[in-house]
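The values are calculated or read from the model by the stated rules, or taken from the named source; none is laboratory data. Values in this document were obtained by computation on a predicted structure and should not be read as measured data. Methodologically, a virtual Cβ is constructed for each residue, glycine included, from the backbone with ideal geometry; neighbour enumeration extends over all protein chains shown. Quick note on the areas: whole protein, heavy atoms, side chains included, nothing else; ligands and nucleic acids left out. Shrake-Rupley method; radii C 1.70, N 1.55, O 1.52, S 1.80 Å.
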Amino acid sequence: MLFLCVFGFRRAHTLTVLFILTCALGYVTLLEETPQDTAYNTKRGIVASILVFLCFGVTQAKDGPFSRPHPAYWRFWLCVSVVYELFLIFILFQTVQDGRQFLKYVDPRLGVPLPERDYGGNCLIYDADNETDPFHNVWDKLDGFVPAHFIGWYLKTLMIRDWWMCMIISVMFEFLEYSLEHQLPNFSECWWDHWIMDVLICNGLGIYCGMKTLEWLSLKTYKWQGLWNIPTYKGKMKRIAFQFTPYSWVRFEWKPASSLHRWLAVCGIILVFLLAELNTFYLKFVLWMPPEHYLVLLRLVFFVNVGGVAMREIYDFMDDLKPHRKLGQQAWLVAAITVTELLIVVKYDPHTLTLSLPFYISQCWTLGSVLVLTWTVWRFFLRDITLRYKETRRQKQQSDQDRAVGNRDGHPEPDDGLAEPRAAEEEATKEGASAF
(Lines give C-alpha, C1' and ligand atoms only; values in the text may rest on other atoms or scores of the structure.)
Protein backbone atom coordinates (compact mmCIF):
# COMPACT_ATOMS: atom_id res chain seq x y z
CA MET A 1 0.00 0.00 0.00
CA LEU A 2 2.87 2.37 0.73
CA PHE A 3 4.36 1.84 -2.72
CA LEU A 4 1.01 2.80 -4.24
CA CYS A 5 1.04 5.99 -2.18
CA VAL A 6 4.60 6.79 -3.28
CA PHE A 7 3.84 6.41 -6.98
CA GLY A 8 0.93 8.82 -6.92
CA PHE A 9 -1.96 6.75 -5.64
CA ARG A 10 -2.69 9.26 -2.92
CA ARG A 11 -4.98 10.80 -5.50
CA ALA A 12 -8.38 9.29 -6.21
CA HIS A 13 -7.72 8.71 -9.95
CA THR A 14 -11.40 9.13 -10.72
CA LEU A 15 -10.95 9.25 -14.50
CA THR A 16 -8.64 6.22 -14.52
CA VAL A 17 -11.11 4.14 -12.50
CA LEU A 18 -13.99 5.28 -14.71
CA PHE A 19 -12.06 4.35 -17.87
CA ILE A 20 -11.15 0.87 -16.57
CA LEU A 21 -14.70 0.27 -15.38
CA THR A 22 -16.15 1.33 -18.74
CA CYS A 23 -13.74 -0.94 -20.62
CA ALA A 24 -14.68 -3.90 -18.43
CA LEU A 25 -18.40 -3.34 -18.97
CA GLY A 26 -17.87 -2.86 -22.68
CA TYR A 27 -15.95 -6.13 -22.90
CA VAL A 28 -18.74 -8.03 -21.13
CA THR A 29 -21.36 -6.43 -23.35
CA LEU A 30 -19.70 -6.64 -26.79
CA LEU A 31 -17.25 -9.51 -26.71
CA GLU A 32 -18.66 -12.01 -24.22
CA GLU A 33 -21.62 -14.24 -24.92
CA THR A 34 -24.25 -14.14 -22.18
CA PRO A 35 -24.97 -17.62 -20.77
CA GLN A 36 -28.53 -18.96 -20.74
CA ASP A 37 -28.38 -19.79 -17.02
CA THR A 38 -30.79 -17.43 -15.22
CA ALA A 39 -29.43 -18.15 -11.74
CA TYR A 40 -25.84 -17.60 -12.87
CA ASN A 41 -26.70 -14.35 -14.65
CA THR A 42 -28.55 -13.11 -11.58
CA LYS A 43 -25.58 -13.78 -9.32
CA ARG A 44 -23.21 -12.24 -11.80
CA GLY A 45 -25.35 -9.13 -12.20
CA ILE A 46 -25.59 -8.62 -8.44
CA VAL A 47 -21.83 -9.01 -8.01
CA ALA A 48 -21.16 -6.59 -10.89
CA SER A 49 -23.54 -4.03 -9.40
CA ILE A 50 -21.78 -4.25 -6.05
CA LEU A 51 -18.36 -3.87 -7.67
CA VAL A 52 -19.46 -0.78 -9.60
CA PHE A 53 -20.80 0.75 -6.39
CA LEU A 54 -17.55 -0.03 -4.57
CA CYS A 55 -15.54 1.60 -7.35
CA PHE A 56 -17.69 4.69 -7.11
CA GLY A 57 -17.44 4.81 -3.31
CA VAL A 58 -13.68 4.25 -3.13
CA THR A 59 -13.07 7.16 -5.50
CA GLN A 60 -15.88 9.55 -4.55
CA ALA A 61 -16.91 8.92 -0.93
CA LYS A 62 -15.95 11.36 1.82
CA ASP A 63 -12.85 10.55 3.84
CA GLY A 64 -13.23 9.52 7.46
CA PRO A 65 -11.02 10.27 10.46
CA PHE A 66 -8.38 7.66 9.54
CA SER A 67 -5.80 8.08 6.78
CA ARG A 68 -3.53 5.06 7.31
CA PRO A 69 -2.65 2.83 5.61
CA HIS A 70 -4.60 4.65 2.86
CA PRO A 71 -7.82 6.71 2.82
CA ALA A 72 -9.19 4.49 0.04
CA TYR A 73 -9.01 1.52 2.40
CA TRP A 74 -11.43 3.12 4.84
CA ARG A 75 -13.66 4.38 2.02
CA PHE A 76 -13.86 0.80 0.79
CA TRP A 77 -15.13 -0.44 4.17
CA LEU A 78 -17.61 2.42 4.30
CA CYS A 79 -19.08 1.23 1.00
CA VAL A 80 -19.05 -2.38 2.23
CA SER A 81 -21.11 -1.15 5.19
CA VAL A 82 -23.71 0.24 2.81
CA VAL A 83 -23.82 -3.01 0.83
CA TYR A 84 -24.15 -5.10 4.00
CA GLU A 85 -26.94 -2.91 5.35
CA LEU A 86 -28.84 -3.21 2.04
CA PHE A 87 -28.38 -6.98 2.15
CA LEU A 88 -29.75 -7.10 5.70
CA ILE A 89 -32.77 -5.01 4.70
CA PHE A 90 -33.44 -7.38 1.79
CA ILE A 91 -33.32 -10.38 4.16
CA LEU A 92 -35.58 -8.52 6.60
CA PHE A 93 -38.31 -8.13 3.97
CA GLN A 94 -38.38 -11.84 3.07
CA THR A 95 -40.38 -14.56 4.71
CA VAL A 96 -38.51 -16.71 7.19
CA GLN A 97 -38.35 -19.68 4.83
CA ASP A 98 -37.39 -17.60 1.79
CA GLY A 99 -34.74 -15.71 3.71
CA ARG A 100 -33.06 -18.90 4.88
CA GLN A 101 -33.28 -20.52 1.46
CA PHE A 102 -31.93 -17.39 -0.22
CA LEU A 103 -28.60 -18.03 1.49
CA LYS A 104 -28.29 -21.15 -0.67
CA TYR A 105 -27.42 -18.79 -3.53
CA VAL A 106 -24.42 -17.72 -1.46
CA ASP A 107 -23.50 -21.23 -0.30
CA PRO A 108 -25.50 -24.33 -1.29
CA ARG A 109 -24.65 -25.91 2.07
CA LEU A 110 -26.73 -23.32 3.91
CA GLY A 111 -30.50 -23.35 4.35
CA VAL A 112 -30.64 -26.49 6.51
CA PRO A 113 -31.13 -26.51 10.30
CA LEU A 114 -27.97 -27.19 12.27
CA PRO A 115 -27.79 -28.43 15.85
CA GLU A 116 -26.07 -26.15 18.32
CA ARG A 117 -23.18 -27.55 20.31
CA ASP A 118 -23.68 -27.63 24.07
CA TYR A 119 -20.57 -26.37 25.86
CA GLY A 120 -21.89 -27.39 29.26
CA GLY A 121 -22.18 -31.04 30.18
CA ASN A 122 -19.36 -32.40 32.26
CA CYS A 123 -17.69 -29.41 33.95
CA LEU A 124 -15.05 -31.25 35.94
CA ILE A 125 -11.62 -29.78 35.39
CA TYR A 126 -10.04 -33.04 36.53
CA ASP A 127 -12.11 -36.09 35.59
CA ALA A 128 -10.84 -38.94 37.75
CA ASP A 129 -13.04 -41.44 35.94
CA ASN A 130 -11.09 -40.90 32.74
CA GLU A 131 -7.72 -42.49 33.49
CA THR A 132 -6.24 -41.94 30.02
CA ASP A 133 -6.85 -38.16 29.95
CA PRO A 134 -8.38 -36.69 33.13
CA PHE A 135 -8.13 -33.15 31.69
CA HIS A 136 -10.10 -34.01 28.56
CA ASN A 137 -12.81 -31.45 29.43
CA VAL A 138 -10.24 -28.66 29.33
CA TRP A 139 -8.69 -29.84 26.06
CA ASP A 140 -12.13 -30.03 24.45
CA LYS A 141 -12.64 -26.33 25.09
CA LEU A 142 -9.31 -25.36 23.51
CA ASP A 143 -10.60 -24.95 19.98
CA GLY A 144 -10.16 -22.24 17.37
CA PHE A 145 -12.38 -19.86 19.32
CA VAL A 146 -9.73 -19.44 22.05
CA PRO A 147 -7.29 -17.44 19.87
CA ALA A 148 -10.33 -15.75 18.29
CA HIS A 149 -11.35 -14.48 21.74
CA PHE A 150 -7.85 -13.17 22.42
CA ILE A 151 -7.45 -11.46 19.04
CA GLY A 152 -10.98 -10.08 19.20
CA TRP A 153 -10.49 -8.43 22.57
CA TYR A 154 -7.06 -7.14 21.60
CA LEU A 155 -8.65 -5.33 18.65
CA LYS A 156 -11.66 -4.17 20.69
CA THR A 157 -9.26 -2.60 23.18
CA LEU A 158 -7.62 -0.70 20.34
CA MET A 159 -11.08 0.55 19.36
CA ILE A 160 -12.35 1.56 22.82
CA ARG A 161 -8.98 2.66 24.30
CA ASP A 162 -10.20 2.35 27.87
CA TRP A 163 -9.47 -0.49 30.31
CA TRP A 164 -12.58 -0.02 32.45
CA MET A 165 -15.01 -0.03 29.54
CA CYS A 166 -13.40 -3.15 28.06
CA MET A 167 -13.61 -5.03 31.36
CA ILE A 168 -17.23 -3.98 31.91
CA ILE A 169 -18.22 -5.21 28.44
CA SER A 170 -16.29 -8.45 28.90
CA VAL A 171 -17.86 -9.26 32.28
CA MET A 172 -21.35 -8.16 31.27
CA PHE A 173 -21.29 -10.41 28.22
CA GLU A 174 -20.55 -13.40 30.42
CA PHE A 175 -23.55 -12.44 32.56
CA LEU A 176 -25.62 -12.26 29.38
CA GLU A 177 -24.49 -15.75 28.45
CA TYR A 178 -25.59 -16.97 31.87
CA SER A 179 -28.92 -15.21 31.47
CA LEU A 180 -29.68 -16.42 27.93
CA GLU A 181 -28.46 -20.00 28.01
CA HIS A 182 -32.11 -21.12 28.17
CA GLN A 183 -32.54 -19.59 24.68
CA LEU A 184 -29.29 -20.60 22.97
CA PRO A 185 -27.58 -23.85 24.00
CA ASN A 186 -24.33 -22.32 22.73
CA PHE A 187 -24.31 -20.07 25.82
CA SER A 188 -24.32 -23.04 28.18
CA GLU A 189 -20.72 -23.23 29.35
CA CYS A 190 -18.90 -24.39 32.46
CA TRP A 191 -18.17 -21.84 35.16
CA TRP A 192 -14.43 -22.08 34.60
CA ASP A 193 -14.98 -21.64 30.87
CA HIS A 194 -16.82 -18.37 31.59
CA TRP A 195 -14.57 -16.81 34.19
CA ILE A 196 -11.15 -18.44 33.80
CA MET A 197 -10.75 -19.19 30.11
CA ASP A 198 -12.86 -16.30 28.78
CA VAL A 199 -12.66 -13.37 31.21
CA LEU A 200 -9.24 -13.94 32.79
CA ILE A 201 -7.16 -15.67 30.11
CA CYS A 202 -8.53 -14.88 26.64
CA ASN A 203 -10.30 -11.57 27.21
CA GLY A 204 -8.05 -10.39 30.02
CA LEU A 205 -4.84 -11.16 28.16
CA GLY A 206 -6.18 -9.54 25.00
CA ILE A 207 -7.16 -6.39 26.92
CA TYR A 208 -3.75 -6.27 28.63
CA CYS A 209 -1.87 -6.57 25.33
CA GLY A 210 -4.18 -3.99 23.79
CA MET A 211 -3.51 -1.51 26.60
CA LYS A 212 0.24 -2.02 26.23
CA THR A 213 -0.07 -1.33 22.50
CA LEU A 214 -2.09 1.81 23.25
CA GLU A 215 0.60 2.92 25.70
CA TRP A 216 3.26 2.48 23.02
CA LEU A 217 1.18 4.37 20.45
CA SER A 218 0.58 7.25 22.87
CA LEU A 219 4.32 7.61 23.59
CA LYS A 220 5.42 7.23 19.97
CA THR A 221 6.76 10.32 18.16
CA TYR A 222 4.63 11.05 15.09
CA LYS A 223 7.06 12.74 12.73
CA TRP A 224 6.80 11.42 9.20
CA GLN A 225 9.41 11.53 6.45
CA GLY A 226 9.08 10.69 2.76
CA LEU A 227 10.32 7.28 1.70
CA TRP A 228 12.81 8.67 -0.81
CA ASN A 229 14.25 11.03 1.82
CA ILE A 230 15.34 8.11 4.03
CA PRO A 231 18.94 7.14 3.13
CA THR A 232 19.20 3.62 4.60
CA TYR A 233 17.44 0.44 3.51
CA LYS A 234 16.59 -0.38 7.14
CA GLY A 235 15.00 3.04 7.55
CA LYS A 236 12.91 2.53 4.42
CA MET A 237 11.62 -0.84 5.68
CA LYS A 238 10.80 0.70 9.06
CA ARG A 239 8.92 3.51 7.32
CA ILE A 240 6.91 0.96 5.31
CA ALA A 241 5.97 -0.90 8.51
CA PHE A 242 4.95 2.34 10.23
CA GLN A 243 2.60 3.11 7.35
CA PHE A 244 0.21 0.70 9.07
CA THR A 245 0.27 2.71 12.30
CA PRO A 246 -1.83 5.84 12.92
CA TYR A 247 -0.78 9.15 11.36
CA SER A 248 -1.36 10.82 14.73
CA TRP A 249 -2.72 9.72 18.08
CA VAL A 250 -5.81 10.77 20.01
CA ARG A 251 -6.17 9.58 23.59
CA PHE A 252 -9.77 8.66 24.45
CA GLU A 253 -10.94 10.15 27.75
CA TRP A 254 -14.53 9.07 28.05
CA LYS A 255 -15.12 10.58 31.55
CA PRO A 256 -18.56 8.97 32.01
CA ALA A 257 -19.12 10.52 35.45
CA SER A 258 -18.36 14.08 34.35
CA SER A 259 -21.88 14.81 33.08
CA LEU A 260 -25.22 13.15 32.49
CA HIS A 261 -24.74 13.50 28.73
CA ARG A 262 -21.46 11.57 28.72
CA TRP A 263 -22.79 8.98 31.17
CA LEU A 264 -25.75 8.18 28.92
CA ALA A 265 -23.51 8.15 25.86
CA VAL A 266 -21.06 5.67 27.42
CA CYS A 267 -23.94 3.46 28.56
CA GLY A 268 -25.30 3.55 25.02
CA ILE A 269 -21.92 2.55 23.58
CA ILE A 270 -21.71 -0.41 25.98
CA LEU A 271 -25.23 -1.53 25.11
CA VAL A 272 -24.56 -1.36 21.35
CA PHE A 273 -21.33 -3.34 21.83
CA LEU A 274 -23.16 -6.04 23.77
CA LEU A 275 -25.99 -6.11 21.23
CA ALA A 276 -23.52 -6.54 18.37
CA GLU A 277 -21.90 -9.42 20.27
CA LEU A 278 -25.25 -11.10 20.85
CA ASN A 279 -26.23 -10.63 17.21
CA THR A 280 -23.26 -12.80 16.23
CA PHE A 281 -24.78 -15.79 18.01
CA TYR A 282 -28.44 -15.13 17.33
CA LEU A 283 -27.97 -14.44 13.60
CA LYS A 284 -26.23 -17.73 12.92
CA PHE A 285 -28.89 -19.44 15.02
CA VAL A 286 -31.90 -18.02 13.14
CA LEU A 287 -30.25 -18.15 9.69
CA TRP A 288 -28.92 -21.69 10.20
CA MET A 289 -25.22 -20.91 9.80
CA PRO A 290 -22.61 -23.14 11.42
CA PRO A 291 -20.22 -21.26 13.74
CA GLU A 292 -17.22 -22.05 11.55
CA HIS A 293 -18.83 -20.82 8.30
CA TYR A 294 -16.86 -18.22 6.39
CA LEU A 295 -19.79 -15.76 6.42
CA VAL A 296 -19.61 -15.63 10.22
CA LEU A 297 -15.88 -14.94 10.00
CA LEU A 298 -16.37 -12.28 7.32
CA ARG A 299 -18.88 -10.49 9.52
CA LEU A 300 -16.35 -10.38 12.36
CA VAL A 301 -13.64 -9.08 10.00
CA PHE A 302 -16.11 -6.45 8.80
CA PHE A 303 -16.83 -5.20 12.33
CA VAL A 304 -13.13 -5.12 13.16
CA ASN A 305 -12.50 -2.73 10.26
CA VAL A 306 -15.53 -0.48 10.72
CA GLY A 307 -15.61 -0.53 14.53
CA GLY A 308 -12.47 1.54 15.03
CA VAL A 309 -13.66 4.28 12.68
CA ALA A 310 -17.11 4.29 14.30
CA MET A 311 -15.66 4.64 17.81
CA ARG A 312 -13.45 7.55 16.75
CA GLU A 313 -16.43 9.30 15.14
CA ILE A 314 -18.55 8.75 18.25
CA TYR A 315 -15.79 10.15 20.47
CA ASP A 316 -15.43 13.21 18.23
CA PHE A 317 -19.21 13.64 18.28
CA MET A 318 -19.25 13.61 22.09
CA ASP A 319 -16.37 16.10 22.36
CA ASP A 320 -17.69 18.44 19.67
CA LEU A 321 -19.05 21.63 21.25
CA LYS A 322 -20.72 22.93 18.10
CA PRO A 323 -24.48 23.48 18.39
CA HIS A 324 -25.19 21.62 15.13
CA ARG A 325 -23.24 18.41 15.47
CA LYS A 326 -23.45 15.53 13.02
CA LEU A 327 -22.73 11.88 13.75
CA GLY A 328 -20.07 10.37 11.50
CA GLN A 329 -21.12 8.33 8.49
CA GLN A 330 -19.46 5.10 9.63
CA ALA A 331 -20.89 5.35 13.16
CA TRP A 332 -24.34 5.97 11.67
CA LEU A 333 -24.06 2.86 9.50
CA VAL A 334 -22.77 0.65 12.32
CA ALA A 335 -25.72 1.67 14.50
CA ALA A 336 -28.15 1.00 11.64
CA ILE A 337 -26.58 -2.40 10.92
CA THR A 338 -26.75 -3.44 14.57
CA VAL A 339 -30.43 -2.51 14.82
CA THR A 340 -31.27 -4.22 11.51
CA GLU A 341 -29.58 -7.43 12.63
CA LEU A 342 -31.65 -7.34 15.81
CA LEU A 343 -34.85 -6.87 13.79
CA ILE A 344 -33.97 -9.90 11.64
CA VAL A 345 -33.50 -12.01 14.76
CA VAL A 346 -36.83 -10.78 16.18
CA LYS A 347 -38.68 -11.55 12.95
CA TYR A 348 -37.09 -14.91 12.16
CA ASP A 349 -37.40 -16.52 15.59
CA PRO A 350 -39.69 -14.60 17.95
CA HIS A 351 -40.40 -17.78 19.91
CA THR A 352 -36.81 -18.09 21.10
CA LEU A 353 -36.56 -14.44 22.08
CA THR A 354 -39.81 -14.53 24.03
CA LEU A 355 -38.75 -17.43 26.24
CA SER A 356 -39.08 -15.92 29.69
CA LEU A 357 -36.05 -15.49 31.89
CA PRO A 358 -35.73 -17.71 34.94
CA PHE A 359 -37.03 -15.98 38.05
CA TYR A 360 -33.67 -15.60 39.77
CA ILE A 361 -32.13 -14.22 36.56
CA SER A 362 -34.85 -11.59 36.19
CA GLN A 363 -34.40 -10.64 39.84
CA CYS A 364 -30.67 -10.12 39.34
CA TRP A 365 -31.16 -7.92 36.28
CA THR A 366 -33.90 -5.95 38.04
CA LEU A 367 -31.63 -5.37 41.01
CA GLY A 368 -28.75 -4.32 38.77
CA SER A 369 -30.97 -1.92 36.80
CA VAL A 370 -32.30 -0.36 40.00
CA LEU A 371 -28.75 0.12 41.33
CA VAL A 372 -27.59 1.77 38.11
CA LEU A 373 -30.67 4.02 38.01
CA THR A 374 -30.25 4.93 41.69
CA TRP A 375 -26.58 5.82 41.18
CA THR A 376 -27.50 7.93 38.13
CA VAL A 377 -30.11 9.90 40.07
CA TRP A 378 -27.76 10.41 43.02
CA ARG A 379 -24.71 11.34 40.94
CA PHE A 380 -26.29 13.78 38.51
CA PHE A 381 -29.25 15.15 40.49
CA LEU A 382 -29.20 14.66 44.26
CA ARG A 383 -25.44 15.06 44.58
CA ASP A 384 -25.44 18.35 42.68
CA ILE A 385 -28.26 19.69 44.83
CA THR A 386 -26.41 18.66 47.98
CA LEU A 387 -23.16 20.23 46.79
CA ARG A 388 -24.89 23.51 45.91
CA TYR A 389 -26.58 23.59 49.31
CA LYS A 390 -23.26 22.96 51.09
CA GLU A 391 -21.55 25.65 49.02
CA THR A 392 -24.28 28.16 49.88
CA ARG A 393 -23.95 27.37 53.59
CA ARG A 394 -20.16 27.67 53.41
CA GLN A 395 -20.35 31.07 51.73
CA LYS A 396 -22.86 32.30 54.31
CA GLN A 397 -20.71 31.09 57.20
CA GLN A 398 -17.64 32.73 55.66
CA SER A 399 -19.54 36.01 55.32
CA ASP A 400 -20.67 35.85 58.97
CA GLN A 401 -17.10 35.15 60.10
CA ASP A 402 -15.72 38.09 58.11
CA ARG A 403 -18.34 40.43 59.64
CA ALA A 404 -17.53 39.20 63.15
CA VAL A 405 -13.81 39.80 62.60
CA GLY A 406 -14.55 43.35 61.41
CA ASN A 407 -16.56 44.11 64.57
CA ARG A 408 -13.75 42.88 66.84
CA ASP A 409 -11.22 45.14 65.10
CA GLY A 410 -13.27 48.27 66.06
CA HIS A 411 -14.57 48.95 62.61
CA PRO A 412 -18.20 48.01 62.75
CA GLU A 413 -20.01 48.01 59.52
CA PRO A 414 -22.58 50.82 59.25
CA ASP A 415 -26.12 49.82 59.77
CA ASP A 416 -28.22 50.26 56.66
CA GLY A 417 -30.89 52.14 58.59
CA LEU A 418 -28.40 54.73 59.98
CA ALA A 419 -26.30 55.17 56.90
CA GLU A 420 -28.60 57.65 55.16
CA PRO A 421 -29.22 60.01 58.22
CA ARG A 422 -25.52 60.00 59.04
CA ALA A 423 -24.65 61.01 55.48
CA ALA A 424 -27.26 63.84 55.65
CA GLU A 425 -25.78 65.11 58.94
CA GLU A 426 -22.25 65.16 57.51
CA GLU A 427 -23.49 67.09 54.46
CA ALA A 428 -25.23 69.70 56.69
CA THR A 429 -22.06 70.16 58.71
CA LYS A 430 -20.03 70.80 55.56
CA GLU A 431 -22.56 73.38 54.30
CA GLY A 432 -22.46 75.23 57.68
CA ALA A 433 -18.69 75.39 57.62
CA SER A 434 -18.76 76.80 54.11
CA ALA A 435 -21.25 79.58 55.13
CA PHE A 436 -19.09 80.60 58.12
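Could you tell me which of the pairs Lys141/Lys238; Lys220/Lys326; Lys212/Lys234; Lys212/Lys326; Lys238/Lys322; Lys238/Lys326 are separated by over 28 angstrom between their Cα atoms in the structure shown?
Lys141/Lys238; Lys220/Lys326; Lys212/Lys326; Lys238/Lys322; Lys238/Lys326
Taking the mean number of other Cβ atoms within 10 Å as a proxy for protection, how do you rank 304-313, 145-154 from highest to lowest? Intermediate results must be reported in sequence, preceding the final value.
On the way: 304-313: 21.3, 145-154: 16.9.
In descending order of packing, they fall as 304-313, 145-154.
Counting helices only, and only those DSSP H runs with n ≥ 4, report the 222 nm mean residue ellipticity of the chain as the sum of -39,500 (n - 2.57) divided by its residues, in deg cm²/dmol to the nearest 500. Working shown, then result.
Details: 16 runs with 277 residues, N = 436.
Value at 222 nm, helices only: -21500 deg cm²/dmol.
Cα-Cα over 21 Å: which of Lys43/Lys104; Lys156/Lys347; Lys156/Lys236?
Values: Lys43/Lys104 12 Å; Lys156/Lys347 29 Å; Lys156/Lys236 30 Å.
Cα-Cα > 21 Å for Lys156/Lys347; Lys156/Lys236; rest within.
Given the protein chains as shown and a 1.4 Å probe, how many square angstrom of Arg239 are accessible, to the nearest 10?
30 Å²
Once Rh for the chain is found with the Kirkwood sum over Cα pairs, what is the Stokes-Einstein diffusion coefficient at 20 °C and 1.002 mPa s, in µm²/s?
For the chosen part, D equals 78 µm²/s.
May I ask for the Kirkwood hydrodynamic radius of region 135-355, worked out over all distinct Cα pairs and given in angstroms to one decimal?
19.6 Å
Between helix 329-348 and the chain, what is the angle of the helix's C-alpha long axis to the longest principal axis, kept within 0 to 90° and rounded to the nearest 10?
So the inclination is approximately 60 degrees.
In what sequence, highest mean first, do 285-292, 253-260 appear when ranked by Cβ atoms within 10 angstrom? Mind showing how you got there, number by number?
Details: 285-292: 17.8, 253-260: 13.4.
Sorting 285-292, 253-260 by mean packing, highest first, produces 285-292, 253-260.
Of the residues Glu85, Glu32, Glu189, which exhibits the maximal mean-square fluctuation in a Gaussian network model of the chain defined by a 10 Å Cα contact cut-off?
Maximum among the listed residues: Glu32.
How long are the three semi-axes of the equivalent ellipsoid for region 358-398, computed from the Cα gyration tensor as the root of 5 times each eigenvalue, in whole Å, largest first? Let's see the in-between values first.
Values: eigenvalues 279, 7, 3 Å².
Whole-Å semi-axes of the equivalent ellipsoid: 37, 6, 4.
Rounded to the nearest 10 Å², what accessible area does Thr376 show when all protein chains are kept and the probe is 1.4 Å?
20 Å²
Using only Cα atoms, tell me the angle between helix 204-219 and the longest principal axis of the chain; keep it within 0 to 90° and round to the nearest 10.
Between the helix axis and the principal axis of the chain, the angle is about 60 degrees.
For region 30-67, which trypsin sites (Lys or Arg not before Pro) are in a loop by DSSP, counting at most 11 other Cβ atoms within 10 Å? Kindly include the intermediate steps, with their values, before the conclusion.
Details: sites: Lys43, Arg44, Lys62; in loops: Lys62.
Here the sparse-neighbourhood loop sites are Lys62.
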